[in-house]
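Asker: Just dropping this structure here.
The values are calculated or read from the model by the stated rules, or taken from the named source; none is laboratory data. Model, not experiment: these values are computed from the prediction. Note that we place each Cβ from the backbone using ideal geometry, even for glycine, and neighbour counts take in every protein chain shown. Ligands, DNA and RNA are excluded from the accessible area calculation, which covers all protein heavy atoms including side chains. Shrake-Rupley method; radii C 1.70, N 1.55, O 1.52, S 1.80 Å.
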Amino acid sequence: AIETAMPRWQRLAHHATHHGLYLLFFAVPLLGWAYSSAAGFPVVLFGVLPLPDFVPVSEELAGLIKPLHKLSAFTMMALVLLHVAGALKHQFVDRDGLLSRMGWGRG
Ligand code: HEM
């Protein structure tokens, strides 16, 4: 298998990236929602579905959450780039056919 053929540091880096991405997929929008609520702008999904504010309106809290939202969003973007770079390395440098494992009906 591709995974067992990889050096240990690559396997660890991949797993850390993967888990980080899963975490941030939830954390980034939640922090955005919290920031928006704290700043006094309740979120209305697609302009129709109002979301409840789960944090109070507070300038102090908003100032605390905003940099967290920004940092988490930029971290997520960096991990996405790393993830894509890894996939491209497998495809074009290692030529191990990793990308062909994604998609329908292929082993
Ligand atoms: C995957 C989802 C999201 C990503 C990648 C993302 C990313 C970002 C980034 C990069 C900024 C700019 C930060 C800065 O330069 O100061 C930002 C700002 C902001 N985000 Fe998000 N965000 C996401 C979801 C959300 C959600 C769901 C909300 C609220 C419903 C939200 C509310 C805001 C607000 C209000 C700002 C503006 C801050 C300001 O300039 O006053 N975000 N977001």
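Asker: Give the relative contact order (percent, whole number) for the chain; include only Cα pairs under 8 Å separated by 6+ residues.
Answerer: Computed value for the chain: 25 percent relative contact order.
Asker: I need the per residue convex hull volume for the chain, using only the alpha carbons, in cubic angstrom as a whole number.
Answerer: Measuring per residue, one finds 136 Å³ for the Cα hull of the chain.
Asker: Which angle from 0 to 90°, rounded to the nearest 10, does the C-alpha axis of helix 8-38 make with the longest principal axis of the chain?
Answerer: Here the helix axis deviates by roughly 20 degrees.
Asker: All other residues with a Cβ under 14 Å from the Cβ of Tyr35 taken together, and with Lys, Arg as +1 and Asp, Glu as -1, what is their net charge?
Answerer: Once all neighbours under 14 Å are counted, the net charge is -1.
Asker: I've got another one for you. Please list, in order, the residues from the stretch 1-35 whose amide nitrogen is less than 15 Å from a point placed 7 Å along the Cα→Cβ vector of Thr75.
Answerer: Correct set: 16-32.
Asker: May I ask you to compute the full-extension gain from Phe92 to Phe41, defined as 0.36 nm times their residue separation minus their alpha-carbon distance, rounded to one decimal in nm?
Answerer: 13.7 nm
Asker: Whole-Hz Karplus ³J(HN,Hα) for the stretch 64-69, in order, using 6.51 cos²θ - 1.76 cosθ + 1.60 and θ = phi - 60°, x for Gly and Pro?
Answerer: 7, 7, 3, x, 5, 4
Asker: If the only charges are +1 at each Lys and Arg Cβ and -1 at each Asp and Glu Cβ, what is the size of the charge dipole of the chain around the Cα centre, to the nearest 20 debye?
Answerer: With Lys and Arg at +1 and Asp and Glu at -1, about 500 debye.
Asker: So how much accessible area does Ile2 have, in Å² to the nearest 10, using a 1.4 Å probe?
Answerer: The value for Ile2 is about 30 Å².
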